[in-house]
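First the structure, in the form of structure tokens, and then the observations on it.
The values are calculated or read from the model by the stated rules, or taken from the named source; none is laboratory data. These numbers were taken from a predicted model, which means no experiment stands behind them. Here the Cβ positions follow ideal geometry from the backbone for every residue, glycine too, while neighbour counts run over all protein chains shown. Heads up: the accessible areas ignore ligands, DNA and RNA and are worked out on the full protein's heavy atoms, side chains in. Shrake-Rupley method; radii C 1.70, N 1.55, O 1.52, S 1.80 Å.
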Amino acid sequence: MRTRFFHVLIYFITISFLFGVNVSAQKENKTIQSPKEDHCYSCHKENDNLPKDFSENDIHHHANISCSSCHGGDPTSGDQEIAMSPSKGFVGAPKHKDIPKFCGKCHSNINIMRVFQPRIATDQVEQYYTSIHGKKLLAGDGNVAECASCHSAHAILPAKDPRSTVYALNVPGTCNKCHGNSELMKKYNLPSNQLEEYSKSVHGVALLKMKDLGAPACNDCHGNHGAMPPGVTSISHVCGTCHVSNMEYFNSTGMAKAFEEQDFHGCEQCHGNHAVLKPTDEMIGVGKDSKCVDCHSSGDEGYAVAEKIYSSLTNLKNQFSLADAKYLEVKKKGMNDVEIGFLLQDAKQALIQSRTLIHTFDSTKVGAKTKDGIEISNKAALLAQKEIDEYYTRRNGFAVATLVFLLVVIVLYFKIKDKEKKANK
Amino acid sequence: MTGNFGNKIISWIDERYDISPLKNMLKHKKVPVHKHSMWYYMGGVTLFLFVVQLLTGILLLLYYRPGEDNAYESVRFIVTEVRFGWLIRNVHSWSANLLVLFAFIHMFSVFFSKAYEKPRELTWVTGFIVLVFTLAFGFSGYLLPWNELAYFATKVGTDIVGVVPVIGEPLKIFLRGGEDVTGATLSRFFGIHVAILPAIFTVFLTLHLLFIQRQGMHEPEHFKNLPEEKKKYIPFFPDFALKDLLLWVIVFNVLIFLALYFPWELGNKADAFAAAPAGIRPEWYFMFMFQSLKLLPAHILFLEGELLGVLFFGAAGFVWMLVPYIKVKHRPNWKIQPLTLIGIIIVAFIVIMTVIGYLV
């Protein structure tokens with residue numbers, strides 16, 4: 001009897017819980033209005049009075065979310081007086097300072113958002129207020145970017161849609177709308193040539209010219225909703241998100257500490273920031289393009305290390321180029337290049353690893369890796385030479401064979417002629 | 001010295017096995033000499049290329065490993081690692097193509113000189129069968145490297161077989177060793193290429209050669225009509241044989257040249273799940289049939305166009321084999337006799353369709 005009572009109790013609690021959750025979800029969802037007949041949209045369209053930036057492809061419009069979900073009012077009423085009455089909750093267009101909270105009504109509520117995307121983040125508004133944009137907005141700055149500045153108000157598209165303002169390829173242009181405005185940026189004592197610099201950089205070329213979506217856009221280094229310029233200490237972490245080994249090597253050296261003490265900007269100190277160019281081997285060493293000589297001078301230990309590293313790298317690079325030239329010749333001659341190709345891949349890998357090891361500032365480590373690469377390159381070059389020699393051996397062999405065949409043909413020809421002569425006699 | 005030694009061996013054999021009939025035949029066999037004598041050499045070149053195929057095929061067999069996981073790799077091994085493997089494989093591929101080319105030339109030269117007429121009907125029939133098996137050699141050998149192009153060409157080729165009513169579908173499944181072209185097809189084609197075909201081929205080729213040796217070379221009409229004293233002959237042995245040898249040496253040199261300067265690509269390994277590569281086409285000697293089937297409309301009357309095409313080529317091949325038994329009335333007023341005209345149309349059709357096939 002007692003057991004049965006417990007069972008009933010458990011069922012009751014479970015059902016009540018589920019029912020309760022359901023009710024609370026319904027309560028949360030009441031912000032979103034998807035009426036069968038949306039009079040806001042139909043009347044505004046009929047009167048040619050839709051917002052200027054309105055797009056039929058807007059993500060909210062596609063999800064059948066009524067204008068009233070953001071602006072309030074009663075979309076079921078065809079009477080403007082009733083539909084847009086403050087008593088029906090109509091709020092109209094939000095003020096600039098209120099926009100993040102306005103969007104956050106839904107976007108900060110996981111119960112609402114999970115209906116559309118089960119794993120969507122809902123901390124955008126929270127992050128926004130930690131950003132420079134958010135802080136300034138709270139301080140009453142009317143110029144800073146809010147949600148609609150980047151996403152637009154009525155033509156919002158998912159970030160993966162190539163037409164979206166926040167699609168990776170479009171992000172630099174979107175940020176540049178404000179950050180490229182020199183008048184506006186003057187007020188904040190900021191430069192306005194970032195896009196120009198970025199476009200020339202290795203990242204900008206990869207993203208904007210080669211359409212490589214893996215290349216970083218502005219938000220990949222600065223963050224998006226929590227946008228903030230990386231500080232001196234965090235810069236190597238920002239770059240290290242992608243350039244993991246370089247960051248690990250650099251951070252484990254004494255150089256990292258020295259940089260911090262000197263207030264140097266980690267990676268940026270040698271590579272620059274927006275205009276980061278494809279690094280060259282000449283950046284190391286003691287030549288005119290060297291970054292090492294900015295701090296080190298002849299006679300000190302760093303200067304000698306830089307010289308050694310540069311020499312090791314150059315040796316490997318030269319051996320690799322020699323082997324690669326032979327490899328191309330083998331390919332051109334149509335000989336067997338498979339094994340040489342594999343070896344050169346390994347040699348190239350060693351070259352890349354050696355270049356990464358520069359960030360240890362340890363000439364022994366770089367030297368050991370370049371030695372591996374040189375050995376592989378030499379092996380490849382040897383194999384390539386063998387194939388080139390084989391190519392000529394085949395042709396010479398053919399020439400000799402043809403000569404022999406020609407002799408046989410001549411002998412046969414005279415034999416036949418001889419026979420014919422005898423037969424005619 | 002060498003001659004003496006050779007004579008000694010021949011006498012040794014003759015003493016035991018009495019080869020005088022063979023010696024007599026060689027001694028008395030004559031070959032007519034006239035303005036079209038050059039066509040007599042085409043059969044010899046075809047035979048020579050067959051021998052090249054046989055020898056290079058045996059050498060390839062030493063390294064070739066059939067099977068989905070091994071075939072492509074073993075051919076790549078042959079052309080990259082095995083000493084002279086590249087030469088043997090390329091000579092085998094080139095020789096196969098030249099063999100078909102010379103077989104066609106030989107066949108049409110026989111046709112236009114009417115050498116198939118009585119009493120040589122069976123020489124023609126066995127020759128035609130040998131040609132059909134040569135094409136089968138080509139078709140089965142094409143798949144053996146198990147590369148992309150061969151894989152899809154075999155798929156298309158066996159699909160065409162499946163079009164034939166009643167026996168088509170079972171024949172297709174028999175050829176493929178299942179519903180689709182798989183490793184089972186490769187094993188099957190390998191067996192067909194190196195065991196079944198050579199066995200049958202040898203029988204018909206032997207018959208074909210025996211018939212030729214028994215009946216001697218055909219004399220064309222204009223030669224037959226010459227007065228006896230104007231008819232010129234050369235002994236088959238050694239005169240004609242020497243000329244044959246001369247030509248074979250030149251053909252062999254050309255073969256090596258082609259193998260060295262125009263090696264056959266191996267391409268990518270066959271992948272059943274990959275998209276069909278561009279430019280899938282059968283070997284050139286099937287191109288005229290393939291192109292004709294492509295040009296046919298989807299439906300002709302109540303029959304499918306492709307089916308009609310396949311049936312037509314099947315029937316045409318059969319009629320072609322029976323050419324010696326077809327009697328067409330001689331028309332003295334016609335500049336070109338009806339059968340010759342048909343032959344010219346057939347050659348033109350094959351050439352034009354092949355060219356279109358490569359251009360389109």
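Quick notes
- Segment B:263-273, subset more than 10 Å from chain A (Cβ to nearest Cβ) and open to solvent by 30 Å² or more (accessible area, probe 1.4 Å), residue farthest from the chain's Cα centre (by Cα): B:F273
Residues are listed down the side, and each one gets a yes or a no for (1) within 23 Å of B:V323 (Cα to Cα); (2) open to solvent by less than 40 Å² (accessible area, probe 1.4 Å); (3) part of a helix (DSSP H, G or I); (4) among the basic types (K, R):
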position	(1), (2), (3), (4)
B:V82	no, yes, no, no
B:N90	no, yes, yes, no
B:A96	no, yes, yes, no
B:F128	yes, yes, yes, no
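- Only one entry in B:G279, B:G309, B:G317, B:G305 is under 24 Å from B:F137 (Cβ atoms), out of contact with any helix residue (DSSP H, G or I) (no Cβ under 7 Å at 6 or more places or on another chain) and either of a type in the set (K, R) or open to solvent by less than 30 Å² (accessible area, probe 1.4 Å) (or both), namely B:G317.
- Within segment B:220-236, considering residues that are more than 11 Å from every other protein chain (Cβ to nearest Cβ) and among the hydrophobic types (A, V, I, L, M, F, W, C), the one least open to solvent (accessible area, probe 1.4 Å): B:F223
- The criterion of being assigned to a loop (DSSP other than H, G, I, E, B), surrounded by 17 or more Cβ atoms within 10 Å (Cβ to Cβ) and without any contact (Cβ under 8 Å) to a residue 60 or more places away in the chain holds for A:G285.
- Filter result for A:G104 (without any contact (Cβ under 8 Å) to a residue 24 or more places away in the chain, outside any loop (DSSP other than H, G, I, E, B) and out of contact with any Phe, Trp or Tyr (no Cβ under 7 Å at 6 or more places or on another chain)): yes
Here is a yes/no grid of residues against (1) modelled with pLDDT under 95; (2) open to solvent by 20 Å² or more (accessible area, probe 1.4 Å); (3) assigned to a loop (DSSP other than H, G, I, E, B); (4) in contact with a Cys (Cβ under 9 Å, 6 or more places away or on another chain):
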{"site": "B:L131", "(1), (2), (3), (4)": "no, no, no, no"}
{"site": "B:L135", "(1), (2), (3), (4)": "no, yes, no, no"}
{"site": "B:S140", "(1), (2), (3), (4)": "no, no, no, no"}
{"site": "B:A150", "(1), (2), (3), (4)": "yes, no, no, no"}
{"site": "B:A153", "(1), (2), (3), (4)": "yes, no, no, no"}
{"site": "B:G162", "(1), (2), (3), (4)": "yes, no, no, no"}
{"site": "B:F189", "(1), (2), (3), (4)": "no, no, no, no"}
{"site": "B:I192", "(1), (2), (3), (4)": "no, yes, no, no"}
{"site": "B:A199", "(1), (2), (3), (4)": "no, yes, no, no"}
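- Unmet requirement for A:P118, which otherwise passes all of (1) without any contact (Cβ under 8 Å) to a residue 12 or more places away in the chain; (2) open to solvent by less than 70 Å² (accessible area, probe 1.4 Å): (2)
- Residue pairs meeting the criteria (Cβ under 6 Å; at least 6 apart or on separate chains; first at negative phi, in segment B:15-33; second open to solvent by 90 Å² or more (accessible area, probe 1.4 Å)): B:L26/B:F237; B:V33/B:K232
- Applying the set (1) surrounded by 18 or more Cβ atoms within 10 Å (Cβ to Cβ); (2) touching a Gly at 6+ places or on another chain (Cβ under 9 Å); (3) within 24 Å of A:G142 (Cβ to Cβ) to A:H71 leaves exactly one unmet item: (1).
- If you filter segment A:305-322 down to residues that are under 30 Å from A:A258 (Cβ atoms) and free of Cβ contacts under 8 Å to residues at least 40 places away in the same chain, you find that the one that is most open to solvent (accessible area, probe 1.4 Å) is A:E307.
- Residue in segment B:193-205 that is away from chain A (no Cβ under 14 Å), of a type in the set (G, A, S) and in contact (Cβ under 8 Å) with a residue 40 or more places away in the chain present: no
- Residue check for A:E390: more than 19 Å from A:N246 (Cβ to Cβ), charged (D, E, K, R) and at the interface with chain B (Cβ under 10 Å from one of its Cβ atoms): yes
- Annotation note: of A:V409, A:V330, A:V400, the sole residue that is surrounded by fewer than 13 Cβ atoms within 10 Å (Cβ to Cβ), out of contact with any strand residue (DSSP E or B) (no Cβ under 9 Å at 6 or more places or on another chain) and within 14 Å of another protein chain (Cβ to nearest Cβ) is A:V400.
- Among the residues here, A:T370 does not qualify as open to solvent by 80 Å² or more (accessible area, probe 1.4 Å), β-branched (V, I, T) and within 24 Å of A:V244 (Cα to Cα).
- Of all residues in segment A:130-143 being closer than 19 Å to A:P230 by Cβ and not in a helix (DSSP H, G or I), the one that is most open to solvent (accessible area, probe 1.4 Å): A:T130
- Matching entry among A:A325, A:A380, A:A384, A:A347 (being under 31 Å from the mean Cα position of the chain (by Cα) and open to solvent by less than 80 Å² (accessible area, probe 1.4 Å)): A:A347
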